[in-house]
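Colleague: Handing you this structure, nothing more for now.
The values are calculated or read from the model by the stated rules, or taken from the named source; none is laboratory data. It should be emphasised that the depicted structure is a prediction, and the values quoted were computed from it without experimental measurement. Note that we place each Cβ from the backbone using ideal geometry, even for glycine, and neighbour counts take in every protein chain shown.
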Amino acid sequence: MTRVFVPRDAAAIALGANAVAAALTPHATVVRTGSRGMFWLEPMIEVETPTGRIAYGPIAAADVPGLLVAGALTGGAHPLRLGAPNAIPFLARQTRLTFSRCGVVDPLSLNDYRATGGLKGLARARDIGPEATIEAVLKSGLRGRGGAGFPTGIKWKTVADAIGARKYVVCNADEGDSGTFADRMLMEGDPFHLIEGIAIAMFAVGATQGYVYTRSEYPHAIATFDAALRTAREAGILYPGFDIEQRVGAGAYVCGEETSLLESLEGRRGQVRAKPPLPAHRGLFGQPTVVNNVITLATVPVILADGPDAYQALGMGRSRGTKPIQLAGNIRFAGLFEAGFGVTLGELVNDIGGGTLSGRPVRAVQVGGPLGAYFPPALFDTKFDYEAFAAKDGLIGHGGIVVFDDTVDMARQARFAMEFCSAESCGKCTPCRIGSVRGKETVDKILAGINVDANLELLRDLCHTMKFGSLCALGGFIPYPVLSAMDYFPEDFRAPIRQAAE
Amino acid sequence: MPAYQPWNEDQAALVIAAGQDQPGATLPILHAIQAAFGCVPTDAIPMIARALNLSRAEVHGIVTFYHEFRRTPPGRHILKLCRAEACQAVGADGVARHAKDRLRADWHETSADGAVTLEPVFCLGLCAIGPAALIDDEPLARLTPERLDAVLESAS
């Protein structure tokens, strides 16, 4: 029977992919894949034909009989026919390295993985040895994709050089930023790629145990990754004496911060540790530890397999290679867009993303999750690059872009930032723990029209204290959305009719 | 929908014994206890403390730190509504208000008929198709008050 590929990504399932797969099963060999990341087209199915795959979407289970009649199993014409998936402009414009297999292969088939170049990076690493592996990662210019942007090769070298009874590699899959789903998609769509990346990191630094700390809000990613780990173990991809284990978080946003994550892995409250000592010197259970984000680790096999020069050639400035950017919120073409650094924010939102879903004007975009600044369209010429965003008091973070139309109330968003911080603060340092509560109260006073000028000044001063006095990025970066809302949308903090509108 | 057992000390002892020898055992044990009983019952805390050589206060501190752990059993279904920015941008606040009105329950509360416990979450990674939710680990997308009604109608 003809093979038809139907996504099993959680987002595709939310849009009815399981019912579509069930309706197709009597008529075709259904292969479940990850998602290509074009969510306005999900569930998107792909039919295998002699001339390549033909995509149809978005498909509801009720469309299946009509598709069969139209000859969709041989690529026949139908109003939902999209043609070759790689020719869809949103995909055609991308440079997919980290996500090359996502949406293409059966995520739990090791044969598919091998057939599409999988495990070449690990084989190469074993050929050239640990030192040359670290050298390749250094040369590629790869920086931490979780958001901090620290050079991965330097981190690895520090751990390799550190002395410890045993060493660990910890993969941070606590993807808590709103507007981000790259880690989830990769773990659901190409989990062996992450396993290979972790195995390379463990080999390079001399670690014997790897942990993947996945957030509990991702039940599908947890299940798929656990299944892939079992297969990898049975197939002997991990050398005897080396193991990777998945641990599940418990709904604490702050555990995405690396030291808090380590505390949580050790079985304690996820409270931030003061640095130094760096985790690279004294990390998990006091031993030298690499902590890297999912996307960082899943990029390493590509660098090893294709060579660091090819990766280094992409990007701009000190941001080398590709970044999986996630277009989310009120945006027409929402999804995952992997491209070399340097695309402007305006291109991403208007050109690639197609503007708002509601059809109203874009008013603000938040880049980099709940700790990221709100940018107005006036800043749309900002290039997607660690330094370019930092220069404008923003951050690219994990690469999430959340679009808001002109109905957004930016004072409310500023209040939400403080409220979120007060709910998620680990409580270790005072600026974050107390500051976020006082910040929320101060925004409430401004919203109620009480001493607005004095309270705006107080809020700004409080943001300054939090920014420079907090122990980690939660309290230290939450001023970004607050201050950017105040700076770029001051009119929202002075609306006289606000109380009446409530 | 998940079926939870009533509190049973022998069962809890088995669950704890199965997990206590791994490094950093606290969270895996708490997850296993909650999977069995629907929550982390107060009676489990001294047992976990003894097994891990921690004080009861430490275990209490860990349980209450993490939003995921409940102290009382949930309703027959758990509805986790996303409250984060990407879902806010497409109307999550209105969906949340509707859910509270319909269930007559605030966050972390259960509807009077015991059918649905309402919980807030900050991001489900479904930010491209919000407002998003999970009902008993089943993902929901593009929620509107009407669509939520249909989901809740079938959850009894």
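Colleague: Give just the number: which of (1) touching a Lys or Arg at 6+ places or on another chain (Cβ under 9 Å); (2) of a type in the set (Gly, Ala, Ser); (3) farther than 15 Å from residue A:303 by Cα does residue A:136 not satisfy?
Modeller: The single condition residue A:136 does not satisfy is (3).
Colleague: Shifting gears a bit: Just one of A:199, A:182 is within 27 Å of residue A:317 (Cα to Cα) and in contact (Cβ under 8 Å) with a residue 60 or more places away in the chain; which is it?
Modeller: The conditions single out A:182.
Colleague: It is to be established whether one or more residues within the range A:58-78 are within 21 Å of residue A:218 (Cα to Cα) and not assigned by TED's automatic domain parsing to the domain that holds residue A:325.
Modeller: no
Colleague: Given (1) assigned to a loop (DSSP other than H, G, I, E, B); (2) assigned by TED's automatic domain parsing to the domain that holds residue B:41, identify the lone condition not met by residue B:58.
Modeller: That leaves (1) as the condition not met.
Yes or no, residue by residue, for (1) under 22 Å from residue B:87 (Cα atoms); (2) at pLDDT 95 or above; (3) hydroxyl-bearing (Ser, Thr, Tyr):
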| residue | (1), (2), (3) |
| --- | --- |
| A:286 | no, yes, no |
| A:302 | no, yes, no |
| A:307 | no, yes, no |
| A:326 | yes, yes, no |
| A:332 | yes, yes, no |
| A:344 | no, yes, yes |
| A:350 | yes, yes, no |
| A:376 | yes, yes, no |
| A:379 | no, yes, no |
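Colleague: Condition first: of a type outside the set (A, V, I, L, M, F, W, C), out of contact with any helix residue (DSSP H, G or I) (no Cβ under 7 Å at 6 or more places or on another chain) and surrounded by 18 or more Cβ atoms within 10 Å (Cβ to Cβ). Can you find one or more residues in the range A:20-27 that meet it?
Modeller: no
Colleague: If you take the residues in the range A:326-354 that are among the polar types (S, T, N, Q) and more than 11 Å from chain B (Cβ to nearest Cβ), which one is farthest from residue A:37 (Cα to Cα)?
Modeller: Among those residues, the one meeting the criterion is A:344.
Colleague: While we're looking at this one, here's another question. Please verify whether residue A:375 is within 14 Å of chain B (Cβ to nearest Cβ) and either within 24 Å of residue A:477 (Cα to Cα) or touching a Leu at 6+ places or on another chain (Cβ under 6 Å) (or both), treating the condition exactly as stated.
Modeller: So residue A:375 passes the test.
Colleague: While we're here: Give the residues of the range A:116-137 that are of a type in the set (A, V, I, L, M, F, W, C), closer than 19 Å to residue A:309 by Cβ and buried (at least 17 other Cβ atoms within 10 Å of the Cβ), sorted by residue number.
Modeller: A:125, A:134, A:136, A:137
Colleague: Only one of these conditions is not met by residue B:29: (1) within 9 Å of chain A (Cβ to nearest Cβ); (2) outside any helix (DSSP H, G or I); (3) within 28 Å of residue A:243 (Cα to Cα). Which number is it?
Modeller: Of the numbered conditions (1) within 9 Å of chain A (Cβ to nearest Cβ); (2) outside any helix (DSSP H, G or I); (3) within 28 Å of residue A:243 (Cα to Cα), the odd one out for residue B:29 is (2).
Colleague: Among what's in the range B:129-156 and is of a type in the set (Gly, Ala, Ser), in contact (Cβ under 8 Å) with a residue 40 or more places away in the chain and surrounded by 19 or more Cβ atoms within 10 Å (Cβ to Cβ), pick the residue that is farthest from the other protein chains (Cβ to nearest Cβ).
Modeller: Filtering the range B:129-156 for residues that are of a type in the set (Gly, Ala, Ser), in contact (Cβ under 8 Å) with a residue 40 or more places away in the chain and surrounded by 19 or more Cβ atoms within 10 Å (Cβ to Cβ), the one farthest from the other protein chains (Cβ to nearest Cβ) comes out as B:133.
Colleague: With A:256, A:267, A:251 as the choices, which residue is modelled with pLDDT of 95 or more, under 23 Å from the mean Cα position of the chain (by Cα), surrounded by fewer than 24 Cβ atoms within 10 Å (Cβ to Cβ) and not hydrophobic (A, V, I, L, M, F, W, C)?
Modeller: A:251
Colleague: Sticking with this one: Just one of (1) not in a loop (DSSP other than H, G, I, E, B); (2) not assigned by TED's automatic domain parsing to the domain that holds residue B:128 trips up residue B:42, so point out which.
Modeller: Tallying (1) not in a loop (DSSP other than H, G, I, E, B); (2) not assigned by TED's automatic domain parsing to the domain that holds residue B:128, residue B:42 fails exactly one: (1).
Colleague: Another one. Can you find a residue that is at pLDDT 95 or above and in a loop (DSSP other than H, G, I, E, B) anywhere in the range A:225-246?
Modeller: Looking for residues that are at pLDDT 95 or above and in a loop (DSSP other than H, G, I, E, B), one finds none in the range A:225-246, hence no.
Colleague: Moving on. Can you find even one residue in the range B:106-113 that is within 14 Å of another protein chain (Cβ to nearest Cβ) and hydroxyl-bearing (Ser, Thr, Tyr)?
Modeller: no
Colleague: Only residues that are surrounded by fewer than 18 Cβ atoms within 10 Å (Cβ to Cβ) and of a type in the set (D, E, K, R): list them for the range A:350-372, please.
Modeller: Across the range A:350-372, the qualifying residues are A:351, A:360.
Colleague: Among the listed residues B:24, B:38, B:94, B:61, which satisfies the condition of being among the small types (Gly, Ala, Ser) and under 16 Å from the mean Cα position of the chain (by Cα)?
Modeller: B:38
Colleague: Restricting the search to the range A:102-115, which residues are under 23 Å from the mean Cα position of the chain (by Cα) and either at pLDDT below 95 or in a loop (DSSP other than H, G, I, E, B) (or both)?
Modeller: Answer for the range A:102-115, where residues must be under 23 Å from the mean Cα position of the chain (by Cα) and either at pLDDT below 95 or in a loop (DSSP other than H, G, I, E, B) (or both): A:102, A:103, A:104, A:105, A:106, A:107, A:108.
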